[in-house]
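J.: Take a look at this one; I'll ask things after.
Values in this text are rule-based calculations from the coordinates and carry no lab data. Computed from a prediction, not measured in an experiment: that's the story for all the values here. With ideal geometry, Cβ positions are generated from the backbone for all residues, glycine too; neighbour counts draw on all protein chains shown.
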Amino acid sequence: MTPDDMKPEDEGGNPGGPEFVPPLDFSSIVILLYFPALVQLGLVEDPTTGQRQENLVLAKRNIDLLDLLKDRTKGNLEAEEQKFLDGVIDQLKLAYLKKAELVKM
């Protein structure tokens, strides 16, 4: 790796200015599954299309992956990380149940 390879991305001449790069921490991994699930549940617009669309099968897949991550990291997370992961999973599961009309609220 050369020193040029280690330059921050905003020094790469991006015409729009600095690009947001999330921090290197556990929450960044969770967000990689959380945000697509929000899009697939139709809760936020798809950034590529600007539209809201539902795909409950893919949303469930991401929720299941977050559950798997929770199981595999059990006992190895900081209290704050565990709270964040639990909150994300609870929020997505409730939204999924509402969208799938398994829970009436």
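J.: What residue, among those in region 24-48 that are under 10 Å from the mean Cα position of the chain (by Cα) and farther than 14 Å from residue 62 by Cβ, is surrounded by the most Cβ atoms within 10 Å (Cβ to Cβ)?
T.: 27
J.: Taking the condition of being touching a residue at least 24 places away in the same chain (Cβ under 8 Å) and among the aliphatic types (A, V, I, L, M), how many residues in region 66-105 meet it?
T.: Total meeting the criteria: 9.
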